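These notes are about the structure you will find just below.
The values are calculated or read from the model by the stated rules, or taken from the named source; none is laboratory data. Values in this document were obtained by computation on a predicted structure and should not be read as measured data. Cβ coordinates were reconstructed from backbone atoms using ideal geometry, including for glycine residues, and neighbour counts include every protein chain displayed.
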Amino acid sequence: MAAPKQLSRFWEWGKNIVCVGRNYADHVREMRGALPSEPVLFLKPSSAYAPEGSPILVPAYTDNLHHELELGVVLGGRARAVPEAAAMDYVAGYALCLDMTARDVQDECKRKGLPWTLAKGFTSSCPVSAFVPKERVPDPHNLRLWLKVNGQLRQEGHTASMIFSVPYLISYVSNIMALEEGDLILTGTPEGVGRVAENDEIQAGIDGVVSMRFRVERAQG
């Protein structure tokens, strides 16, 4: 499987952002949810991509924006109905990602039985790090993730704690929808999600692999 060209700028041309919810048991418990028997999926538009150096924009319609730290998997080619045993052949690399969530809006959507698009799909709701080639991550299930807000540690987790593994997720998603070169799968967040406000600084990293920094700003207009 050939890697895409210029993957360091994959957010400029990636098509799909497929997100997995409730993939860490400790996060499920902190959100008072039930452990899933199969992956919980939702989508973000390509305009949700926010590369490092751009701000995270707080939508005017939320007063409770939360950070959710996640390992992102970048696809290296078209994947359709991929067997789990072959799924890693379709990985071009990884990125550290944030699933920014308007929690108050999400709670209201849940209460009304509505989709989560307003809470999850706004502009800049998917900040991403620099692309990390697959060769630099021998085992995506052996990574420590961390996130700080204004220098204070908020989230810390290990990808070994995922309920559904990376190859399982690639196989599961590709049996529902065809995945394309440059598509991004967010694999869920560990516990410790929390609120951010205008002018906060978010730092996050994967130990020994990549780090990133974003500033939170209020969206204008």
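Quick notes on this one:
- Only listed residue being in contact with a strand residue (DSSP E or B) (Cβ under 6 Å, 6 or more places away or on another chain), over 30 Å from G208 (Cα atoms), surrounded by 18 or more Cβ atoms within 10 Å (Cβ to Cβ) and not hydrophobic (A, V, I, L, M, F, W, C), chosen from T101, T62: T62
- The set of residues from segment 43-71 being on the phi < 0 side of the Ramachandran plot, small (G, A, S) and assigned to a loop (DSSP other than H, G, I, E, B) comprises just one member, A60.
- V28 passes every criterion in (1) among the hydrophobic types (A, V, I, L, M, F, W, C); (2) touching an Asp or Glu at 6+ places or on another chain (Cβ under 7 Å); (3) at pLDDT below 95 apart from (2).
- Filter pass, G151 being touching a residue at least 12 places away in the same chain (Cβ under 8 Å) and either closer than 16 Å to A79 by Cα or touching a Gly at 6+ places or on another chain (Cβ under 9 Å) (or both): no
- When segment 74-90 is filtered for residues that are within 17 Å of E135 (Cβ to Cβ) and surrounded by fewer than 17 Cβ atoms within 10 Å (Cβ to Cβ), the ones remaining, listed by number, are M88, D89.
- Among the residues of segment 169-198, the one identified as surrounded by fewer than 16 Cβ atoms within 10 Å (Cβ to Cβ) and among the β-branched types (V, I, T) is I176.
- Residue pairs whose Cβ atoms lie under 9 Å apart, separated by 6 or more positions or on different chains, with the first residue in segment 10-24 and within 23 Å of P36 (Cα to Cα) and at pLDDT 50 or above and the second part of a loop (DSSP other than H, G, I, E, B) and aromatic (F, W, Y), are V20/F164; G21/W116; N23/F164.
- Unmet requirement for F122, which otherwise passes all of (1) surrounded by fewer than 13 Cβ atoms within 10 Å (Cβ to Cβ); (2) assigned to a loop (DSSP other than H, G, I, E, B): (1)
- Hey, P127 in contact (Cβ under 8 Å) with a residue 60 or more places away in the chain, crowded, with 20+ Cβ neighbours inside 10 Å, of a type outside the set (K, R) and part of a helix (DSSP H, G or I) or not: no
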